[in-house]
Amino acid sequence: MPTVVLMDVSLSMTRPVSLDGVEEFQRKNLAVHGLNMLFEHMASNYRLEFTSLMAFSSLWELLVPFTRDYNALQEALSNLEDYDKTCVEAALNGVSNVVQQEWGSACPCQLQMTDAMDNLEELLRLSGGDGQIFTMEGPLCMKSVQTMFGKLIDLVYSPFHAVLHCGNLSSDVQVFPRPEPVVMDEEVEPMPRTVSTDLEIVGFIEIADIASPPVISRHLVLPIAVNKDVDEVGTGTTDELEEEPSASQMAGKSPNFCVLLHGSLKVEGMVALVQLGPEWYGMLYSQADSKKKSNLMMSLFDPGPGPLPWLGKISHLGPISEAADNPYGEDDSKSPFPVQPQVKRSYAQNVTVWIKASGLQTDVQKILRNARKLPDKTQTFYKELNRLRKAALAFGFWELLKGVADLLERECTMLPDSAHPDAAFQLSHAAQQLKLASTGDSQYAAFDHNIVPMHTDFSS
C-alpha cells in the first residue's frame, strides 16, 4: 500500500522548542528527525513500500515522487524551505492528484501528515474513520518524537512474518503488505479477524477450477532466512564481519520450501489453498510480472467456510485418490466443478415479475393465443395459465384471476363452429378453476396446486 508523507513547511513549524530552558530546535527539526527515523526503518525492514514526500503551506509541492529510494527521501528532508501559512485543503487536493495519477482511484494509500492541527479528528470522521492520530506524550523533545514514531512503525510498518506449512515442509516467509484485520458486517457482534502467523496449505487445485475468484486483498509472499548463527554474530569488527558470509549469501545457498512451492505452482499451473485462520482461506499462486520474472502471491478470500460458491465448502474438498472414480475423467475431459447446490437458488428459477403493465398484458395475451389453438396447444395453455395463477396468488392479485376467467369464458362463447369440441370444455374448466382460486378460501387457492387439463374422450 503506497505511502504519502505530507510535511507542513508553514511558518508555524519554525516555532522554537525549549529544552531545559534553552531554545535549540524548531518544530520542523523534530518532524524531520521523526521522519528520518521512519525512513531508516522502512529502508531496512519495509523496502518494498513505495513512498512519496510532499510539502505544503498555502500551496503544495511534490518533493519526491513515489520511490523506494529512501536516501532520496532523507536528502529532500534536509533541504526543506520555509513558506507562509497552512492550507490543508489545497494539500489534500494535491495528494489526491498525485495518487490518482500514479496509482489510479482504486488503489488504497496511506497518508502520514506532520502538523499540529486541531481539526484532524474531523478530517478522519469525514473520510470514513479509517485512520488514527498519533500525538506526543509529555513535552516536545526528541525522546517524545521517537516514542510517537515508534508507535506508528509498530502499528503500520512492522513486517508481517509467518511460517508457511505444507505437511512436513515449512518455510519462514514475509507477507507484504501486511494483511489488515477484516471485520464482517453481517455478524451479530462483528469482531476484527486477523491472519494467523501459521499459514497451513490444505490442498492444491487447478487454475481453471478456481477461475478468477473475488478477493479482499493481494500480497507478496517472500522467503526469509532465519539463521541464528548470523543473528548472534552481533556488532563485531570490520575484519570479523568480512570473514563471515552475509545472511543473504547463506540464504541463497540453503534450500527453501517457499522457492520450491513457487516453481511447482508455476510449472503445474495450479494454486494452493491456504488456511489463514478458523474458517478463513486464501490461495497461493504464481503471478508473472514479465516474461522472465514472476512472484509468489497470496490472495485472501472473504472469511467463511465457503467463500467460493462453485467449490462448495473448502473443508469438504479432498484428494482425488479418495474418490471412487476420477472426477476429472481418465483424459481430464471433465471437471467436478461447479458444485451444484442442494437447494435451488431463487435467482435460478423463472420468476414472474410485472414491473410494467406491458409485461402483464403480454402474459395474458400469451394465454389467449394458446386458448384459440386448443386442443393442439393444451399443454402450453395450462403451463402459461399456472404460471400466471401462481404469480397472482403470490402478489395477492385476486382480481386478475377473476378477470382472466371472464376472458376465457368470452373466448368460449366466440369459438367458431369448426372448432374442436374439446376446446370449449377446456376453456370452461380453466375459467371455473380460476374463479375458485380467486375466492382465496378454498383448496383451489393453494399456491402449490396446479390446474390440470380436463379429461375428455372424443375418440368415438
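Backbone amide hydrogens, once placed in the peptide plane, bring G203 within less than 5 Å of L273, excluding anything fewer than 5 places away on its chain. Only one residue of A423, M148, I201 has its Cα farthest out toward the positive end of the dipole of the chain, where Lys and Arg carry +1 and Asp and Glu -1 on Cβ, and that residue is A423. Among 262-271, 47-56, 300-309, 332-341, sorting by the average number of other beta carbon atoms lying within 10 angstrom of each residue, highest first, gives 47-56, 300-309, 262-271, 332-341. Relative to one another, the C-alpha centroids of region 144-204 and region 48-88 are positioned 30 Å apart. Ignoring lysines fewer than eight residues from K291 along the same chain, the ones with Cα atoms less than 30 angstrom from its Cα are K253, K266. Stretched out straight at 0.36 nm per residue, the stretch from I133 to S254 would grow longer than its current Cα-Cα span by 39.2 nm. Using the Karplus relation 6.51 cos²θ - 1.76 cosθ + 1.60 with θ = phi - 60°, the per-residue 3J(HN,Hα) values for region 310-320 come to 6, 9, x, 6, 4, 5, 8, 6, x, x, 5 Hz, with x marking Gly and Pro.
Counting only complete DSSP H runs, which helices of the chain cover 18 Å or more along their long axis at the Cα atoms and score a mean Kyte-Doolittle of -1.0 or above?
Details: long enough: 27-45 (27 Å, -0.22); 88-103 (22 Å, 0.07); 142-156 (21 Å, 0.69); 357-371 (21 Å, -0.29); 378-395 (26 Å, -0.42); 398-413 (23 Å, -0.04); 421-439 (29 Å, -0.09).
Span-like helices in the chain: 27-45, 88-103, 142-156, 357-371, 378-395, 398-413, 421-439.
To make sure I understand the rule: partners must be lysines, Cα under 22 Å from the Cα of K151, and not fewer than 8 residues away in the same chain. Which ones qualify? Cross-link targets: K28, K143. With θ taken as phi - 60° and the Karplus curve 6.51 cos²θ - 1.76 cosθ + 1.60 applied, the whole-hertz 3J(HN,Hα) list for region 160-165 is 9, 9, 9, 10, 8, 10 Hz, x standing for glycine and proline. Taking the helices alone, the chain has a mean residue ellipticity at 222 nm of -11000 deg cm²/dmol, built from -39,500 (n - 2.57) per DSSP H run of at least 4 residues and averaged over all its residues. Scalar couplings 3J(HN,Hα) for region 271-282, obtained by applying the Karplus form with A = 6.51, B = -1.76, C = 1.60 to θ = phi - 60°, are 10, 9, 7, 10, 8, 9, x, x, 6, 9, 10, x Hz; x denotes Gly and Pro.
In this label model, R387 and R47 are separated by 6.6 nm, measuring between points 7 Å along each Cα→Cβ vector. Assuming charge only on the beta carbon of Lys and Arg (+1) and of Asp and Glu (-1), the dipole of region 1-101 about its Cα centre is about 260 debye to the nearest 20. Under 11 Å from a label point set 7 Å out along the Cα-to-Cβ vector of V163, the amide N atoms of region 189-207 belong to 197-199.
With charges only on Cβ, +1 for K and R and -1 for D and E, what is the dipole size of the chain about its Cα centre, in debye, rounded to 20? Can you show the working numbers first?
Working: 35 positive and 60 negative charges, 548 e Å.
The dipole magnitude comes to about 2640 debye.
Accessible surface area normalised per residue over region 2-157 is 55 Å², counting heavy atoms of protein chains with a 1.4 Å rolling probe. When the Cα convex hull of region 348-420 is projected onto planes of every orientation, the mean area is 5.4 nm².
Annotation: amide H-H contacts under 5 Å for S294 (H modelled 1.01 Å from N, sequence separation of 5 or more, or interchain): D289. For V4, the amide hydrogen comes within under 5 Å of the amide hydrogens of S52, Q110, L111, Q112, counting only partners 5 or more places away or on other chains and with H modelled in the peptide plane. Annotation: average projected area of region 40-195 is 13.3 square nanometres, based on the convex hull of Cα atoms across all directions.
Just the number, please: carbon plus sulfur as a percent of the accessible area of region 294-342, 1.4 Å probe, no ligands or DNA/RNA counted. Don't skip to the end; give the middle numbers.
Numbers: 1470 of 3050 Å².
Heavy-atom surface of region 294-342 belonging to carbon and sulfur, 1.4 Å probe: 48 percent.
The values are calculated or read from the model by the stated rules, or taken from the named source; none is laboratory data. It should be emphasised that the depicted structure is a prediction, and the values quoted were computed from it without experimental measurement. Glycine gets a Cβ as well: all are built from the backbone with ideal geometry, and neighbour counts include every protein chain shown. Please note that ligands, DNA and RNA were not included when accessible areas were found on the heavy atoms of the full protein model with its side chains. Shrake-Rupley method; radii C 1.70, N 1.55, O 1.52, S 1.80 Å.
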